[in-house]
Amino acid sequence: ITTNPTAEWLEAVIRSGFIYLDDLPAVMVSDRDAIYGDWFAEFLDTYFDMTLIRTPPRCPNCNSFIERWHRSFREEVLDHCLVFGIRDLRKLTSEFVSYYHLHRPHQGLAQNSPMKGHDTKQTKKVPKIKRRKMVDGIITNFELAA
């Protein structure tokens, strides 16, 4: 993490981060920050066989979904972790991605998860709630018990 990112810093971060990934995406989306100069598209294509897609100028909503994901990750995981190693961070990130898509309720989806619906039926009985620790115990997930 740096407060003053440069092109050299970005290249080093991508090189060191991508070597651990088995299945790289075919496309990377970026905004039009000056750090992503003309070199960036060539760099991704040459070393990782990736295509760079830039968002239109002055259109902050084009990246709204990933910006929201970053905010959720920061608030729900990173803000609760004071000290962790890079391996732990990779593990936490992987677990959070799974949690985010399979279990986390989303307001825009009527409190359902993107990849798993939570079908609930109206009843007068008080439902039993199952509590489960996720993302290395950082997040507590509540679900209806079967």
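Computed values, structure above
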| read-out | value |
| --- | --- |
| Answer from Pro57, Pro25 - the residue that is touching a residue at least 24 places away in the same chain (Cβ under 8 Å), open to solvent by 50 Å² or more (accessible area, probe 1.4 Å) and within 25 Å of Ser113 (Cβ to Cβ) | Pro25 |
| First in the range 131-146 and closer than 13 Å to Pro105 by Cβ and in a strand (DSSP E or B), second anywhere and open to solvent by less than 50 Å² (accessible area, probe 1.4 Å) and among the hydrophobic types (A, V, I, L, M, F, W, C), Cβ under 7 Å, 6 or more apart | Asn141/Met134 |
| Candidates Val77, Val97, filtered to the one that is open to solvent by less than 70 Å² (accessible area, probe 1.4 Å) and touching a residue at least 40 places away in the same chain (Cβ under 8 Å) | Val77 |
| Checklist (1) at pLDDT 85 or above; (2) among the basic types (Lys, Arg); (3) within 19 Å of the chain's Cα centre (by Cα); (4) surrounded by 11 or more Cβ atoms within 10 Å (Cβ to Cβ) applied to Arg90, failing item | (1) |
| Residue count, the range 9-49 (criterion: assigned to a loop (DSSP other than H, G, I, E, B) and over 19 Å from the mean Cα position of the chain (by Cα)) | 7 |
| Complete set of residues in the range 13-22 that are among the hydroxyl-bearing types (Ser, Thr, Tyr) and exposed (fewer than 10 other Cβ atoms within 10 Å of the Cβ) | Tyr20 |
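The values are calculated or read from the model by the stated rules, or taken from the named source; none is laboratory data. Fair warning: this is a prediction, and the values are worked out from it, not measured in the lab. Heads up, the Cβs are rebuilt from the backbone with ideal geometry, glycines too, and the neighbour counts pull from every protein chain shown. Heavy atoms of the whole protein, side chains included, go into the accessibility calculation; ligands, DNA and RNA do not. Shrake-Rupley method; radii C 1.70, N 1.55, O 1.52, S 1.80 Å.
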